[in-house]
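*Asks:* For reference, the structure I am asking about is given below.
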Amino acid sequence: MESCNVELIFDHVGHFGRFQIVLYLICAYQSISCGIHYLSSVFMSIIPEHACKPPGMVRMAVFHNISAWRLEDILALRSPEHKDHIMVELQDGEIWELTRCSRTLRENTSHLGYEYSGHKHDSSCSDGYVYDQSTWKNSVVRDFNLVCAQKWHASIIQPLFIFGMLLGAITFSYLSDRFGRRVVLWCTSIGVFFFGIASIVMFDYLSFMTTRFFLVMASSGYFVVVFVYVMEIIGKKSRTWASMHLNTFFAIGVMLVAVVSYLVKTWWLYQIILCTVTTPFILCCWMLPETPFWLLSEGRYKEAQGTVDTMAVWNNSSSCDLVELLSLDVTAASHDRSPKSIRKHSLAALFHSPDIAKMTLIVWLDWVTANLGYHIFGMESIQRKENDPLYLFLVGAVEIPAYVCLCTWLKRVGRRKTIFIFLLLSSLTCVVYVVIPSNYKTAKRMTALVVKVVIGSVFAFIYLYTAELYPTTVRCLAVGSSNMVAHMASMVMPFTSHFSKVWIFSPQILFGILAILSGLLSLNLPETQNTPMTSTWETTEQQVPENKDSLREAPSDIFEMWGSGRALSFAERWGLSRAPTDTEKWGFK
């Protein structure tokens, strides 16, 4: 396809008219399901308090100075830090010592004293386990007994789901660039609905994990592709606002998980309620047309003209002749459908040239840093709260005003400077979190929430920035591969517990260092604000050196916006002005 400015189409048919509003609401609604399935997997891996089940009816249970008639009441009061056994007296008078994974019968005793030095008889948990039901009346862990020897089955739930997200992001992004956005959105949406319902009726662990794996795979693929779809169906004037607020609907999904988990204590009913959210989208997804960007990049000019004409009718505007407007060579369209045009969809295209390769590596580092911070201060905090619905609701709620403010910020500051400032700010806030004494729990929680909001904002607009950096032919692949690399970082998160044993703040320090490094390197990325999205590699390569050279002229306005009277000297100190930067010495122009 020739190098042309496809953005001119929206100047004629409207940037965000009735046509785009309807499609946007359909796509954004389904993003709620992505937030639902992303967070629900975190709760499924939480192991409730449990104890080996005694071989009979319990008359009395004792734990140190706490006694109760029911063993479940004791478990509701016990925390993971408690390692001691629980004493129970059965209806037949037997005294048993129960731990989480074993039970011991006291011989020759007739009282329930906690201290005992007589003979004991150990036995396995052949009668199963008793679980704390204060949070969930039944759960995945309880139904499949994923504790003790089977505990590793529960521990791999979250890593396996993350692998599903990784695989879904790269697979469906490739298919989207190869076969179109619309087909992939249909397939992933049907997959979310089908596998979501199927996971509820699975009664064995292997089948359940298989269906959940494909569910998160489809959900991840949908969210990557829908982001690009929205950006290509909406004009430049409204694109930032619309794409950013897809994350608002994702946050609504997070909040919905919190509300439902508070009201419903049975996991299969909880899953049914959440999965039915997808149903209205299935009824409307057939309305989604293919984007003019993708159709034009494939040389399918007639279909692109039909989409533009439909858009004009819905928006009550006049249509335009694409061939005349974009100076298209229709006679060359058939020659573009060659084997060479298929190779452009490969992952190697993201390393098309040295400049593009450097840009891709920096973008990937930004994604890894954002995802690492999101998990350390987001997912891990949720897990440590042990399924506290109020905290989860707060995590989702604080993101919505943050996205509103971020849209205004991006319009005034731009993409490149924003990612630098936000990553630097998250690193500094992370330092504050580390130095706050551990006994100031409220202060640490609030600081962690601030870091989560800041890095969550980076995660939100990095979708937008990545999609703007690459041409239509590999736009989904760029976002999907970046998402894949980010989820690779998520998969190593469980191993950070080993570093925490050396120093409890090792993961936070690692994130702080990466945030500073990736923020500084991001200053070498092109600025995409108020620039049209490109359709070919030629126009992309033209923008990369132009925007990188402009970095030397104007980054000091970051500090002028903050009211600094000597912004240039500060910029010079950081190497953002006349003096060459360290990254320039490494080969970044």
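The values are calculated or read from the model by the stated rules, or taken from the named source; none is laboratory data. Since the structure is predicted, the reported quantities are computational estimates derived from the model, not experimental observations. Don't worry about glycine lacking a Cβ; one is built from the backbone with ideal geometry, like all the others, and counts go over all protein chains shown. Just the protein is used for accessible areas: all its heavy atoms, side chains included, with ligands, DNA and RNA removed. Shrake-Rupley method; radii C 1.70, N 1.55, O 1.52, S 1.80 Å.
*Asks:* Looking at the structure I just gave you, is residue 357 under 31 Å from the mean Cα position of the chain (by Cα), hydrophobic (A, V, I, L, M, F, W, C) and modelled with pLDDT of 90 or more?
*Replies:* Yes: the conditions hold for residue 357.
*Asks:* Could you grab me the full set of residues in the range 289-312 that are open to solvent by 10 Å² or more (accessible area, probe 1.4 Å) and among the charged types (D, E, K, R)?
*Replies:* Residues satisfying the conditions are 290, 300, 302, 303, 309.
*Asks:* Looking at the range 209-224, can you tell me whether even one residue there is without any contact (Cβ under 8 Å) to a residue 24 or more places away in the chain, at negative phi and over 19 Å from the mean Cα position of the chain (by Cα)?
*Replies:* Taking every residue of the range 209-224 in turn, at least one turns out to be without any contact (Cβ under 8 Å) to a residue 24 or more places away in the chain, at negative phi and over 19 Å from the mean Cα position of the chain (by Cα).
*Asks:* Also: Considering (1) more than 19 Å from the chain's Cα centre (by Cα); (2) hydrophobic (A, V, I, L, M, F, W, C); (3) under 17 Å from residue 37 (Cα atoms), say which one residue 186 fails and leave the rest.
*Replies:* (3)
*Asks:* Scan the range 25-44 for residues that are modelled with pLDDT under 80 and aromatic (Phe, Trp, Tyr) and jot them down.
*Replies:* 38, 43
*Asks:* Can you work out which of the residues in the range 240-269 that are free of Cβ contacts under 8 Å to residues at least 24 places away in the same chain and open to solvent by less than 30 Å² (accessible area, probe 1.4 Å) is nearest to residue 453 (Cα to Cα)?
*Replies:* By that ranking, first place goes to 260.
*Asks:* If residue 317 satisfies all but one of (1) over 18 Å from residue 535 (Cα atoms); (2) assigned to a helix (DSSP H, G or I); (3) of a type outside the set (Val, Ile, Thr), what's the number of the condition it fails?
*Replies:* With respect to (1) over 18 Å from residue 535 (Cα atoms); (2) assigned to a helix (DSSP H, G or I); (3) of a type outside the set (Val, Ile, Thr), residue 317 is out only on (2).
*Asks:* While we're on this one: Please list, ordered by residue number, the helices (runs of 4 or more DSSP H) wholly in the range 437-541 having 2 or more residues that are open to solvent by less than 10 Å² (accessible area, probe 1.4 Å) and at pLDDT 85 or above.
*Replies:* In the range 437-541, the matching helices (runs of 4 or more DSSP H) lie at 441-469, 475-491, 506-522.
*Asks:* Is at least one residue of the range 394-414 basic (Lys, Arg) and in contact (Cβ under 8 Å) with a residue 24 or more places away in the chain?
*Replies:* Looking through the range 394-414, at least one residue is basic (Lys, Arg) and in contact (Cβ under 8 Å) with a residue 24 or more places away in the chain.
*Asks:* Can you find even one residue in the range 390-402 that is over 21 Å from the mean Cα position of the chain (by Cα) and closer than 14 Å to residue 457 by Cβ?
*Replies:* Scanning the range 390-402, I find no residue that is over 21 Å from the mean Cα position of the chain (by Cα) and closer than 14 Å to residue 457 by Cβ, so the answer is no.
*Asks:* If I filter the range 51-71 for residues that are under 32 Å from the mean Cα position of the chain (by Cα) and surrounded by 15 or more Cβ atoms within 10 Å (Cβ to Cβ), do I get at least one hit?
*Replies:* no
*Asks:* Related question: Residue 89 versus (1) touching an Asp or Glu at 6+ places or on another chain (Cβ under 8 Å); (2) among the acidic types (Asp, Glu); (3) within 23 Å of residue 108 (Cβ to Cβ): which is the lone unmet condition?
*Replies:* That leaves (1) as the condition not met.
Residue by residue, here is whether (1) crowded, with 18+ Cβ neighbours inside 10 Å; (2) β-branched (Val, Ile, Thr); (3) touching a strand residue (DSSP E or B) at 6+ places or on another chain (Cβ under 9 Å) holds:
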| position | (1), (2), (3) |
| --- | --- |
| 199 | yes, no, no |
| 205 | no, no, no |
| 222 | yes, no, no |
| 226 | yes, yes, no |
| 230 | yes, yes, no |
| 237 | no, no, no |
